[in-house]
Amino acid sequence: MMDFRENTFRLSSDRNFGKAALMVGFVGLAGCIAGFAIDRDHFFFSYLTAYAFWLTIGLGGLFFTMLHHLTNATWSVVLRRFSENVMMVLLFLAILFIPIIAGIGNLYHWSHHEIVAGDPVLKEKSLYLNTGFFIIRAVIYVGIWLFLARGLYKTSLAQDKGYAESQTERMKKLSAPGMLLFAFTVTFAAFDWLMSLDAHWYSTAFGVYIFSGSLLSALAFITLVTILLRQKGYLADLITLEHYHDLGKLLFAFTVFWGYIAFAQYFLIWYANIPEETIWYRVRWLGYRPLTLLIVFGHFVIPFVVLISRGAKRNLTVMKIMAVWLLFMHWVDLYWVVMPSHSDRPLVGLWIDIAAMLGIGGLTLWFFWRRMASQPLVPVNDPRLTASAQLISD
Amino acid sequence: MNIKAPDAPNKSEQPLIAGNLTFHDVTEKISGVVESGTPRLWYALISITGLLSLMFFIMLGHLFFTGIGIWGLQIPVGWGFDITNFVFWVGIGHAGTLISAILFLLRQRWRTSINRFAEAMTIFAVICAGIFPAIHVGRPWLLFYVFPVPNQMSIWPNFRSPLLWDFFAVGTYFTCSLLFWYLGMVPDLATIRNRAKNRIKKIIYGIFALGWRGGNRQWRHYELAYLLLAGISTPLVLSVHSVVSTDFSVSILPGWHSTIFPPYFVAGAIFSGFAMVLTLAIIARKVFKLDNYITLNHLDKMNKIILVTGLMVSYSYVVEFFMAWYSGNLYERFTFWSRATGPYAWAFWIMFFCNVVVPQIFWSKRFRAHIAVMFVASILINVGMWFERYVIIVSSLSQDFLPSSWQYFKPTIYDIGMLIGSFGIFLTLFLLFVRFLPMVAMSEVKAVLPQANVHHQGPEAIELETGNVRG
């Protein structure tokens, strides 16, 4: 079992969760290898879906950390280390991008010269959509994320050893241009890795769409982890019901924001009715109708109705269920974005999808947990820690 | 629990209101503006703005009499200054709602100094905005077609038309903003009523104060209503300009049809709205000596919001240009290339300079605290945001799918006159507001004074001023 030292805010003898995550990860990886052997194309699509799921959570963590610094927030000081640990999974996920590079040929039809040669639209785009430039861009995106995440994390850990005003300033100074870099890298990563699966299709809102899901899932993940720790009796004095109320408000707000962007994108394409744009939704309506409806109701209507009430946001059971549900819906959303480029019908080869989720997920959680256990769970020397713990919501 | 937190000074937690004011000082200062004699300057200003408004209405008469041909409109440019002005003015309003609703929900207490006149600005901007769609229809007596008229009239409004949605969106926006503004003002109106020396004033302010006595129950209901209205107004910040953006984006016109339009328009609206709040705040601060209320700290925060929203707008420009190229679509590529190099390139580069380059100065802390610099920047940004709508509307329309019908859009004296006239109306309303209504929310400002904190143990005793202390 985990052991928690009250005076240092550290987890120790935590090995069990980490071990369990690692085991699950290896089982998933074994499944992935089997999937790779049996249906190589499908494996890469499953892998991309799972990768995008965990990556967007990490990116959401990076965003939330930078937002915290830029807004000078007090309430979220007790959550800061959590969002920092979430953002640090990007370090690990950088390595897991390699299989996607290996699978470019299976995933992206613009990577085949003979297809491009016979396709006037792709020929127009080949300056951007080609394997070499794709890899260079990916290295730039990941490099920027790692630079930001490491810089913020290092300063934050230095603060644990001893507080200096300059640390706070440094984290702010890094976050301000970081936000700008984040916006462009996430957008173009979304264009490259997800939108170009259907290389004919384009939507200017696509980057914002992926970002909205990313932040929502990161908030859900932080909510879930803190509630699970609380159930073991940890940090209950620091992360109080008031913080969950605020997290609930943010989950609600970004549920609405996601719905707003998703609807705007759909609605404008539906209304203008230009075939080269509507095809993307048509494929998802003809073959993936149940999933499309599940996203409409599950990703928006249900969390909207549940989280709107004050009582729900202050009820940890409800919050826990909603956090799990929103994470699940985030995966469904990405599955719905990725998979129609591969197969006409959903849930074919679902076991490979699950294996990829467990594989990447298990390893990512193992990595996450190592971070959690190696440092105090809250930024112990942040001057506003006490004020944050005494938050009164409303 | 033993948290060892060093007692480091936190720069952000300096008092929101400078000058160590008491509750009484606040009442004296803000009510004083309304109660004292009218300054000459005010008469001078309102004469000018009144004349500009008059010019607007004379031109309106000519427009109704002659028709919209007096503007520079032609086919294919069926929308010119009229809709540009509409989008511009609706956009201006958004900062007020963001300050009063979203910043309230985000517990940003610094908003109290600026929310009242920002909300007033919202209402006046929406009034200016509402005029243009109404008069641009050519046959204004048929305007009611866009209203949701009951079926008995045998008119079936086209619910699939964005122009009808505009009516709902702007109508809702105006109603909610007005209610929010008025509700927030009730305690302050009661203060002015209580202090009024003249019987007529007492009666008029008394009517609008709705019998406010400042009792505990009244405050409880007031605060609940305020919270609910903030909650209702929050989606309006996003929805109104999103609906306005659908006027363009539901079409198939290159340069108009873009899925990023709704959030992009919202960011642009907040950007220009904050610039307008800044312009007005700097003037009001100077004229009425409100330095203690609108401190450099407030201006710094507003400039940061301008920088953030300016970057969002810049992001949209980049993504739109990239996507026009990436689409591989000849028409998309042409439209965007032509914007930057074609006949309206001058407008595009004004827009680019004002909206992308100018806000970058706010990366510097020095400029965020430099009044003259931010004043110029705030005006340039609004110039840029007006041109943004002009570029979107006119450049996309004038070079449509049929090159034989292309011709350069030239505004007439009536186009320009009505744009200037709408500023006259806006400023006239604003001048009336600062003269007759409390331009800073006294009751809210008092609540953020250190003395309002129950744990405050300063040397000054807490001064209770009946009816004016919150909660």
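The values are calculated or read from the model by the stated rules, or taken from the named source; none is laboratory data. Because the structure is predicted, anything quoted here is derived from the model rather than measured. When we count neighbours, we look across all protein chains shown, and the Cβ atoms used for this are built from the backbone with ideal geometry, even at glycine. These accessible areas exclude ligands, DNA and RNA; they are computed on the full protein's heavy atoms, side chains included. Shrake-Rupley method; radii C 1.70, N 1.55, O 1.52, S 1.80 Å.
In this simple spin-label approximation, residue B:423 and residue B:198 carry label points 7 Å from Cα along the Cα→Cβ vector, and these lie 3.2 nm apart. Counting only Cα atoms, the size of chain B along its three principal axes is 78, 58, 45 Å, in decreasing order. The magnitude of the dipole of the protein assembly as shown, with charges of +1 and -1 set on the Cβ of Lys/Arg and Asp/Glu and taken from the Cα centre, is near 1960 debye. Karplus-derived 3J(HN,Hα) values for region B:124-139, using 6.51 cos²θ - 1.76 cosθ + 1.60 with θ = phi - 60°, are 5, 5, 5, 4, 4, 5, x, 5, 5, x, 5, 8, 7, 6, x, 10 Hz; glycine and proline are entered as x.
I'd like the carbon and sulfur percentage of the solvent accessible area for region B:23-461, probe radius 1.4 Å, heavy atoms only, ligands and nucleic acids excluded. The nonpolar share, carbon plus sulfur, comes to 72 percent.
Between the listed residues A:340, B:422, B:256, the Cα displaced farthest toward the positive end of the dipole of the protein assembly as shown, a dipole computed from Cβ unit charges relative to the Cα centre, is found at B:422. Along the charge dipole of the protein assembly as shown, Cβ charges K/R +1 and D/E -1, which of B:103, B:17, A:294 sits furthest on the positive end? After comparing all options, I get B:17. Compared with the direct C-alpha span, the chain from residue A:285 to residue A:344 gains 20.2 nm at full extension, assuming 0.36 nm per residue. Simple point charges give the picture: +1 on the Cβ of Lys and Arg, -1 on the Cβ of Asp and Glu, and for chain A a dipole about the Cα centre of about 920 debye. Is region A:1-159 best put as rounded, prolate or oblate by its Cα gyration tensor, with a ≥ b ≥ c the root eigenvalues, rounded for a/c under 1.5, and otherwise prolate when a/b is larger than b/c, oblate when not? Since a/c reaches 1.5 but b/c is at least a/b, the shape of region A:1-159 is classed as oblate. In a reduced charge model with +1 at each Lys and Arg Cβ and -1 at each Asp and Glu Cβ, chain B shows a dipole moment near 1020 debye about its Cα centre.
Of the residues making up region B:92-109, those losing 40 Å² or more of accessible area when the isolated chain is joined by the remaining protein chains, with a 1.4 Å probe, are B:107.
Taking 0.692 mPa s as the viscosity and 37 °C as the temperature, the Stokes-Einstein diffusion coefficient of region B:240-352 based on its alpha-carbon Kirkwood radius rounds to 205 µm²/s. Between residue A:181 and residue A:136, the simple spin-label model (points 7 angstrom out along Cα→Cβ) gives 1.9 nm.
Take region B:23-461 with all the other protein chains still there, run a 1.4 Å probe, and you get 41 Å² of accessible area per residue. Take the accessible area of chain B alone and of chain A alone, subtract that of the pair, and you get about 4200 Å² summed over both chains, using a 1.4 Å probe. Relative to the globular-protein estimate of 2.2 N^0.38 Å, the Cα radius of gyration of region A:284-394 stands at 1.44. Between residue B:168 and residue B:228, the C-beta separation translates, for a Förster distance of 22 Å, into a calculated FRET efficiency of about 0.60. Simple rule: put +1 on each Lys or Arg Cβ and -1 on each Asp or Glu Cβ in region B:26-164, find the dipole, and look at B:91, B:136, B:36; the Cα lying farthest toward the positive end is B:91.
Accessible surface computed residue by residue for chain A, with neighbouring protein chains in place and a 1.4 Å probe, gives 38 Å² per residue. Of the cross-linked pairs A:161/B:365; A:249/A:313; A:154/A:320; A:173/B:304; A:173/B:301; A:173/A:249, those separated by over 19 Å at the C-alpha level are A:161/B:365; A:154/A:320; A:173/A:249. Computing FRET efficiency as 1/(1 + (r/R0)^6) for residue A:390 and residue B:208, where r is the C-beta to C-beta distance and R0 is 35 Å, gives about 0.30. The residue A:325 and residue B:155 beta-carbon pair, evaluated with R₀ = 45 Å, returns a calculated FRET efficiency of approximately 0.50. If you look at the Cα atoms of the protein assembly as shown, you get an Rg and a Dmax of 28.5, 91 Å.
Dividing the convex hull volume of the alpha-carbon atoms in region B:13-163 by its residue count gives 220 Å³ per residue. Which pairs in the list B:29/B:202; B:29/B:286; B:29/B:201; B:289/B:446 are over 23 Å apart, alpha-carbon to alpha-carbon? Over 23 Å apart, Cα to Cα: no pair at all. Just so you know, the averaged projected area of the alpha carbon convex hull for chain A sits at 19.0 nm².
Rounded to the nearest 10 degrees, the inclination of helix B:40-66 to the longest alpha-carbon principal axis of chain B is 30 degrees. Interface burial in region B:237-271, defined as at least 50 Å² less accessible area with all protein chains than with the chain alone at a 1.4 Å probe, covers B:250, B:257, B:259, B:263.
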